[in-house]
Structures are given as structure tokens and as C-alpha cells.
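Note sheet for the following structure.
Only the coordinates and a few stated rules stand behind these numbers; no lab work does. Quick caveat: nothing in here was measured; it's all calculated off a predicted structure. Note: ideal-geometry Cβ built from the backbone for every residue, glycine included; neighbour counts use all protein chains shown.
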Amino acid sequence: MIIGVPKEVKDHESRVGIVPSGVKALVDAGHKVIVETKAGELSSMPDDDYKHAGAEIAGSAADVWRRADMVVKVKEPIAREFPFLRDDLVLFTYLHLAPLPDLTNELLKKTVTGIAYETIKDGHGTLPLLTPMSEVAGRMAVQVGATYLEKERGGRGLLLGGVPGVPPAQVCIIGGGTVGTNAAKIALGMGAIVTLIDLNLNRLRELDDIFGGRVYTLASNSYSIGQSVKHADLVIGGVLIPGAAAPKLVTKEMVSKMKTGAVIVDVAIDQGGCIETAHPTTHSDPSYLVDGVVHYCVTNMPAAVPHTSTLALTNATFPYVMKLAKMGVTAAMKNDIGIREGVNTYKGNVTYPAVAQAQGKTAKNVSDLIQ
Ligand SMILES: NC(=O)c1ccc[n+]([C@@H]2O[C@H](COP(=O)([O-])OP(=O)(O)OC[C@H]3O[C@@H](n4cnc5c(N)ncnc54)[C@H](O)[C@@H]3O)[C@@H](O)[C@H]2O)c1
């Protein structure tokens, strides 16, 4: 199979779809990989590394898209990439099609097989290609929070871990899933006092075991959240209700009772945020103050650490790339129910019900289409 890796063109996107080690594995398995020049540059993966791994470096995006059987990207194609879509192309990337009717229509018109990272499921029914970015964002939330607690950045002038004779900071993490657990690991590692709040009691039991009783766990309700937030130096929002907007668990009133110079990092902001006073911010203007509390609400936190994020993402995506290349796309879809779940467009049809529903279209069952 010929696999193409274009440079990402979406604003602020600095990751890349395949790393040099992936190129080597594909080339060793007898495939050809064409990488657009500078595709990995922002992730600190220069053309030379790709060349040494066996890739052909192409001078233009058009060249990559025209020659590839399967294009592996990170973000969905944007308008200037639409002309590259063509019949029988396989596109493997984050698609997030529900709010994107123009892209969906292009994929249907050109009969592209669109396989979306975000809807692939593993044997446990979880979404393995979303997890790595939550791991990155959860760990980063503490790093960012610690920085904003410094006086120069608007914070209370507090060292997260304290020093002998001076107590450490109190960190309140709301949501004990992937983001929350990773945030707790780093906060504990830096010496903070950590409280984890979740609605799911079984999850709290697991977290109590995982951390050997070193974190305080609290059942989620507005009283426990209000108390914990009031005493916290750093609040991290990491709740998720799949498919729904995040619930506003920390109200405006609770924020007004927080300490001056405390910091909020609302990681769940990409789903609307779980803090009432949070609104989306960007890496170029990441923070603002409400009632003297610093708010950091960047919707794409992993973009700040593209080297780590690219490696974390491709560790998870690459086994699927290899499977698609090795078996061919139709056989891989027949063989792997998780890959089938990832197929959002196939032979001119929408094959993912939630996308069809969002756009007033009718979904066809991919299993019927590949018979
Ligand atoms: N800003 C970014 O750059 C970025 C990056 C990655 C992920 N995220 C977002 O972070 C959020 C969390 O992702 P995740 O992967 O950790 O999700 P997850 O499903 O692993 O965890 C969510 C947790 O929230 C808990 N929860 C649900 N309702 C709750 C409530 N009322 N009170 C307390 N806990 C509650 C669930 O029980 C679960 O444990 C998502 O919105 C995700 O999109 C943002």
C-alpha cells in the first residue's frame, strides 16, 4: 500500500500523523510511505529522520494526496484540502464530522472511506484514540496550574509542593477519569495535597486503591464541590458525560468564594467546561481573571507539547495504520469491529449514526455495505 502523510495545515496544529519509527515499520513490511516535506518539523521530527526511516519526501501536499492509497493525518481536512479528496481514497484521521456538513458532503461526493480516530472502539468499549490526548492534557494541567500559581503569572505566589516547614498547595480535581487520574499523579508527584471528586463511587474505590490512599476521594455533589473548591489553590476540571455538554459543577458563586490568586484549569472546556465562569481560550491568550481567580481554559492543550502529543497519539493510532495497510481496508473492516466503528463515510454513504443524525441524513450500516 502507498501511505501518504501530509503536513497539517489547520491553524495551530503542530502534530503529524506518522512518526519515523512508524515509517520504518511500514517500509520493512513492504509498503511505501510518502511524507510531505516539513510534515514533522513542528513536532521536532525533521525530514532527515523520515528519509533515514525509508520515507520518500514529497515537495507538495498535492503530490502526497495524489499518489497515496491511504492518507494518515491528525486533523480533519479543511477547505483548501478538499480538492485533494478523490474516489477510493482512504482517509484515517480525527474527523469530528457531526458539525461539519461541508466536509461530510465532500467525503460523500468523492466516495472517500473516512475512518475517524475518535469513533474507533477497543475491546472494552472505550475510545483508545482519544485517551492519549486526555493523558497529555491531564498531566499538563498540573504543570500549567503550578506555573500560574506563581506571582508573576497572576497567582497567589505559591510553590505547589511547599518546602519543609511550609505546607504544600491544595489541588482539587473534579472528574476521576483519564484527565483526572493523570493530573492526580503529577500533582502528588510534585508534593501537593490532592482531592479527587467523581460521581462514580466504583471509580472512587479504584482511585483509592490506585493511589494507595494518598489522595482524598469525595463523592460529587454541590456541597462537597463547594467546600473543596473554596479551600483549593488549584482546581482542575476533568468531567465528561459522553456525547453531552459538560455540567457546570463549579458555580459563579463558588468561584467568588475562592482564594484570591487561586487557579482554575478547566480541561473539560472543549465540551463547554465544568466551571460556570470558564470560556474557551487559546495558546496565544490562554488565561484571564474572574474575582481574582486565574482561569486557564485552552481547548487544545496538547498542541503546546507537539513532540509528546504526536508520539502519544501515534503510539495509539499506528497499530491500526499497520493493520489497514497489511490487510487492506475492506478486509480490516470485516475483521475488526473496532475499525468498523471508526468508519464514518463509505462509498458515498454516512455510516456513523450520530453524524447522520446531526446532519439530517440517513446512516447506512457499514457491515451491510462491505458484504
Ligand atoms: N482541553 C483539552 O485540550 C482537552 C484534551 C483532552 C481531553 N479534554 C477533555 O477533558 C474531559 C475529560 O476527559 P477524560 O478523557 O478524562 O474523560 P473520562 O470519561 O475518562 O472521565 C470523565 C470522568 O468524569 C466523571 N464525571 C461525570 N459526571 C461527573 C460529575 N457530575 N461529577 C464528578 N465527576 C463526574 C466520570 O465519572 C468520569 O470518571 C473531556 O471533556 C475531554 O474532551 C480536553
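Semi-axes of the equivalent ellipsoid for segment 164-275, computed as √(5λ) from the eigenvalues of its C-alpha gyration tensor and ordered from largest down, come to 20, 18, 12 Å. Here the dipole of segment 33-82 is about 180 debye; that uses its Cα centre as origin and unit charges on the Cβ of Lys and Arg (positive) and Asp and Glu (negative).
Summarising the strand pairing of segment 131-217, around 10 percent of its internal DSSP beta bridges are antiparallel. For segment 36-181, the direction-averaged projected area of the alpha-carbon convex hull comes to 14.0 nm². One decimal place: the segment Lys51-Leu369 gains 110.6 nm when fully extended, by the rule 0.36 nm per residue minus the C-alpha distance.
The convex hull around the C-alpha trace of the chain, projected and averaged over every direction, spans 19.5 square nanometres. The calculated FRET efficiency for His231 paired with Thr126, based on their beta-carbon distance and R0 = 35 Å, is about 0.60. With the simple model of a label 7 Å out from the Cα in the direction of the Cβ, Lys109 to Tyr288 spans 3.7 nm. Considering only alpha-carbon pairs that sit under 8 angstrom and 6 or more positions apart, the relative contact order computed for segment 172-224 is 35 percent. Evaluated over segment 177-313, the count of Lys pairs having alpha-carbon atoms less than 20 Å apart is 6 (only pairs 8 or more residues apart or interchain). A helix-only calculation puts the chain at -10000 deg cm²/dmol for mean residue ellipticity at 222 nm, using -39500 (n - 2.57) for each DSSP H run of at least four residues, averaged over all residues. Around the Cα centre of segment 215-345, unit charges on the Cβ atoms of Lys, Arg, Asp and Glu (plus for the first two, minus for the last two) sum to a dipole of about 360 debye. Under the membrane-span-like helix rule (DSSP H runs whose alpha carbons stretch at least 20 Å along the helix axis, mean Kyte-Doolittle hydropathy -0.5 or higher), the chain yields 131-148, 306-327.
In this Cβ point-charge picture (+1 for Lys and Arg, -1 for Asp and Glu), the chain has a dipole of about 320 debye about its Cα centre.
Please give the residues of segment 61-75, grouped as numeric ranges, whose backbone N is less than 15 Å from a label point set 7 Å along the Cα-to-Cβ vector of Thr37. Residues 61-64 qualify, since their backbone N sits under 15 Å from the label point. The rule of thumb for compact globular proteins, 2.2 N^0.38 Å, goes into the C-alpha radius of gyration of segment 18-113 1.12 times. Segment 321-371 and segment 107-165 have Cα centres separated by 28 Å.
From the Kirkwood radius over Cα pairs of segment 196-246, Stokes-Einstein at 10 °C and 1.306 mPa s returns a whole-number translational diffusion coefficient of 132 µm²/s. Here segment 264-348 carries DSSP beta bridges of which approximately 60% are antiparallel, counting only pairs with both residues inside. Every pair of different Cα atoms in segment 223-371 enters the Kirkwood calculation, which places the hydrodynamic radius at 18.6 Å. When the Cα positions of Gly59, Pro46, Phe84 are compared along the charge dipole of segment 46-86, Phe84 comes out farthest toward the positive end, with charges on each C-beta of Lys, Arg, Asp and Glu.
Name all residues of segment 98-113 having a backbone nitrogen under 19 Å from the label point set 7 Å from the Cα of Arg86 along its Cα→Cβ direction, giving them as ranges. The answer is 106-113, whose backbone nitrogens lie closer than 19 Å to the label point. Semi-axis lengths, largest first, of the ellipsoid equivalent to segment 34-87 are 21, 13, 9 Å, with √(5λ) applied to each eigenvalue of the Cα gyration tensor. With both residues required to sit in the chain, DSSP beta bridges show an antiparallel share near 20%. Packing here is the average count of other Cβ atoms within 10 Å per residue, and on that basis the peptides 336-344, 228-236, highest first, run 228-236, 336-344.
Would you kindly calculate the mean projected area, averaged across all directions, of the convex hull enclosing the Cα atoms of segment 228-281, in square nanometres? Taking the Cα atoms of segment 228-281, their convex hull projects to 3.5 nm² on average. Label-to-label distance for Asn335 and Lys259 is 5.6 nm, based on points extended 7 Å past Cα in the beta-carbon direction.
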